[in-house]
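Just below is one structure, and these are the notes that go with it.
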Amino acid sequence: MAGKLYDWFDTRLKLKPLGQTLLDEPIPGGASWIYVFGSATLFLFCLQATTGMFLALYYVPSPDAAYDTVQFIQQEVQFGWFVRGLHHWGASAVMVAIGLHLLQVYLYGAYKRPREVMWMVGIGLLLLMLTFGFTGYLLPWDQNAYWATQVGTNMVASVPFVGDILVRLLRGGESLGALTLSRFFALHTLFLPSLIVGGILLHLFILRRVGPAGPWNEEEARQRSETFYPRQVYMDAVVMLVLFLVLAVLAGTIEFPLADRADPADHTFTPVPEWYFLFFYQLLKYMSGPLEPLATWGLPILVILGLLLLPFLDRNKERRPRSRPVAVFALTMFLVTIFTLLGISIRDLHALPKVDPSLARGKVLFAQHHCLACHSLHGEGGKVGPDLSYVGDRRTDRDWHIRHLRDPASVSPGSIMPKFPLSDREVNDLASFLLSLKGAAADPTKGALDTEATEYAAVPSVGVAWSCRVCLWAEERKELL
Ligand code: HEC
């Protein structure tokens, strides 16, 4: 049946030669697990495209609506949290896959003649992917998104001569606002996808023209050869399946809550960048003062140029790592530097006081349900209900709060506070927030979220440091703003 259908199409569309070019490509030296990273990257990109399309069904790129629509996706839409989780973890996975792919190509000397153009297109794809990460980070329009993008765009402004123009182009105006958001959304969902699809096709087209490089041992490459189908296709498929399962588990188990809604007036917020930019932020910390412009634009441009021109800088014809001591040494130094910076940065993040995610969600709920219409916090809000600035000192019992929130009159007879339609989790989150409102004696001017280092244990900590949008970030970052 399937065979007949295939024949029917084949007589009309001439599929056989197509199948041959796609599947019968010879791989010198035979199929190998070490070649899977390219396909893995392609697969993850397709996953990002698919989940992104579904997110776009609900997302609205305006400062008034963006935050609410993301929250809606997270809380109301069927499986919205899962699709958003896949998109979030998928973005990180793409970076890892590209990194491994680059590493393999570098170690195997596969960028050397005649594959220089394919390498350069690949570096272009890497830059596009980083731009995807940067533009996507702003879209939820929470505090972290807003202030991290503020830092990022200010770095662009430090480029000499054209910095001002560039940054205005990027923001769509003088400051970061509605135009920036729609601009980033258009870049993230229209410009970048078309560019990257073109780039990917070019990358694959060149691969089909020059063929894969195969093992670094030319002898081995000449002795054995194998077509792409079936073994390499099988290995690629296994990797894709495993990747999807890992991402599904991550999306299903590790949550990354939104921070507060973006507040352009709140300069006290210190943002956390995505983990793949962390090493760079750490570097900026060391390069403060007159050296800073060098770090913000000089070094990135140098690294990008170095990568692009690598096939021409590295004149050594040998592909075996053992015969390329300079290249291997350079790679080792590069990796040691990056991972040391990343390590220090994560350690610093952990040393910072963390906010309990439940407490952070509670704070959001507190704003959403307009509790300040009746209550006040540090002089702000209504006078109908009691001042809640230090309610945690007065009411220390979580059960009391839970019962009170479910039905105020049950513990406080005659109360006019309304019963809010809250889920069990929401009641618990609100209670966490209310319990944290204490410290009247210690510092009468500060709220709990500024002063309290709340301990929590349930969430895997590295995952939180990486994806945590509510952690406080080091004071030093502020200097960039
Ligand atoms: C319509 C006005 C109104 C709104 C809106 C309101 N409250 Fe109340 N709230 C009151 C009043 C009146 C009291 C005092 C009676 C009582 O304890 O129920 C009170 C008491 C409280 C108390 C106990 C304070 C104490 O010192 O004993 C807490 C905690 C509280 N509210 C939390 C909240 C939260 C959280 C929200 C938002 C989800 C909220 N309230 C919204 C009117 C309101």
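The values are calculated or read from the model by the stated rules, or taken from the named source; none is laboratory data. Predicted model, so just to flag it, every value in this text is computed and none were measured. Quick reminder, even Gly has a Cβ in these numbers, built from the backbone with ideal geometry, and neighbours come from all protein chains shown. Quick note on the areas: whole protein, heavy atoms, side chains included, nothing else; ligands and nucleic acids left out. Shrake-Rupley method; radii C 1.70, N 1.55, O 1.52, S 1.80 Å.
Quick check on my filter: what residues within the stretch 373-399 are out of contact with any His (no Cβ under 7 Å at 6 or more places or on another chain), within 8 Å of the ligand (Cβ to nearest atom) and hydrophobic (A, V, I, L, M, F, W, C)? Residues satisfying the conditions are 373, 374, 384, 391. Flag not set for residue 356, criterion: under 26 Å from residue 279 (Cα atoms) and either within 16 Å of the ligand (Cβ to nearest atom) or surrounded by fewer than 20 Cβ atoms within 10 Å (Cβ to Cβ) (or both). Checking 402, 416 one by one, the residue that is within 10 Å of the ligand (Cβ to nearest atom), in the same structural domain as residue 367 (by TED's automatic domain parsing), farther than 16 Å from residue 367 by Cα and not basic (Lys, Arg) is 416 and no other. Of all residues in the stretch 303-331, those satisfying the criterion of being touching a residue at least 24 places away in the same chain (Cβ under 8 Å) and either open to solvent by 80 Å² or more (accessible area, probe 1.4 Å) or on the phi > 0 side of the Ramachandran plot (or both) are 312, 317, 320.
The set of residues in the stretch 288-302 being open to solvent by 60 Å² or more (accessible area, probe 1.4 Å) and without any contact (Cβ under 8 Å) to a residue 12 or more places away in the chain consists of 290, 291, 294, 301, 302.
Scanning the stretch 398-416 for residues being of a type outside the set (Lys, Arg) and either touching a Cys at 6+ places or on another chain (Cβ under 7 Å) or surrounded by 12 or more Cβ atoms within 10 Å (Cβ to Cβ) (or both) gives a total of 11.
Could you list all residues from the stretch 24-40 that are under 28 Å from residue 247 (Cα atoms) and open to solvent by 20 Å² or more (accessible area, probe 1.4 Å)? Lay out the reasoning, then the answer.
Step one: of the stretch 24-40, the residues under 28 Å from residue 247 (Cα atoms) are 31-40.
32, 33, 34, 35, 37, 38, 39 - these are the residues of the stretch 24-40 that are under 28 Å from residue 247 (Cα atoms) and open to solvent by 20 Å² or more (accessible area, probe 1.4 Å).
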